[in-house]
Amino acid sequence: SRFETCWPALMKDSHGVIIIFNPELPSHLKEIEMWYSCFVQQQPLLDSQCLLVAHHKPGSAGDTENLSLAYPLNKIKLIHSNLEDDPEDVRMEFMKYFKNIITFIDESREREEMSIIS
């Protein structure tokens, strides 16, 4: 992709990665493996710092709700979003994800401060 030269800048000091994809496009299912490899594994970030969002377009088939992803993507939290349905569930999942990231940052900072002190 022509934006690959920007990736290091995007990744620098990042604490989390959200990958949004269309589960109905087979090409997207291949691409999310590449995004995961570049943005999560190579950083390296923990799987808990990553969130997968399968976004369903209005009027889409919907049978992709039972999406089963292969390893290593199946270790990551996966949520389904659909703007036609009540978006409250998605909002709650985002809030949980952001709380996790904030907790992780706080704990990392504490560990850093303790290592400086000791």
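The values are calculated or read from the model by the stated rules, or taken from the named source; none is laboratory data. These numbers come from a predicted model, not from an experiment. Please note: Cβ atoms are built from the backbone with ideal geometry, for glycine as well, and neighbour counts cover all protein chains shown. These area figures cover heavy atoms from the full protein model, side chains too; ligands, DNA and RNA do not enter into them. Shrake-Rupley method; radii C 1.70, N 1.55, O 1.52, S 1.80 Å.
Worth a mention:
- Among the criteria (1) part of a loop (DSSP other than H, G, I, E, B); (2) more than 16 Å from the chain's Cα centre (by Cα), the one Ser108 does not fulfil is (1).
- Look at (1) free of Cβ contacts under 8 Å to residues at least 12 places away in the same chain; (2) open to solvent by less than 90 Å² (accessible area, probe 1.4 Å); (3) over 19 Å from Ser48 (Cα atoms) and you find that Thr103 fails only one, number (3).
- Those residues of segment 28-87 which are at positive phi and either β-branched (Val, Ile, Thr) or open to solvent by 50 Å² or more (accessible area, probe 1.4 Å) (or both), in sequence order: Gly59
- Hits in segment 1-27 - residues which are assigned to a helix (DSSP H, G or I), loosely packed, with under 15 Cβ neighbours inside 10 Å and touching a helix residue (DSSP H, G or I) at 6+ places or on another chain (Cβ under 9 Å): Glu4, Trp7, Leu10
- Complete set of residues in segment 41-66 that are at pLDDT 85 or above and among the charged types (D, E, K, R): Asp47
- With respect to the stated conditions, Ser68 is free of Cβ contacts under 8 Å to residues at least 12 places away in the same chain and of a type in the set (S, T, N, Q).
- Count of segment 16-31 residues which are under 14 Å from the mean Cα position of the chain (by Cα) and among the small types (Gly, Ala, Ser): 1
- Selection from segment 33-47 of residues that are part of a helix (DSSP H, G or I) and closer than 20 Å to Asn100 by Cβ: Trp35, Tyr36, Phe39, Val40, Gln41, Asp47
- Condition check for Leu78 on (1) outside any loop (DSSP other than H, G, I, E, B); (2) under 21 Å from Leu10 (Cβ atoms); (3) among the hydrophobic types (A, V, I, L, M, F, W, C): one failure, at (2).
- Where a residue in segment 83-95 is more than 14 Å from Val53 (Cα to Cα) and touching a residue at least 24 places away in the same chain (Cβ under 8 Å) and its partner, wherever it lies, is open to solvent by less than 100 Å² (accessible area, probe 1.4 Å) and part of a loop (DSSP other than H, G, I, E, B), with Cβ under 7 Å and at least six apart: Glu84/Pro58
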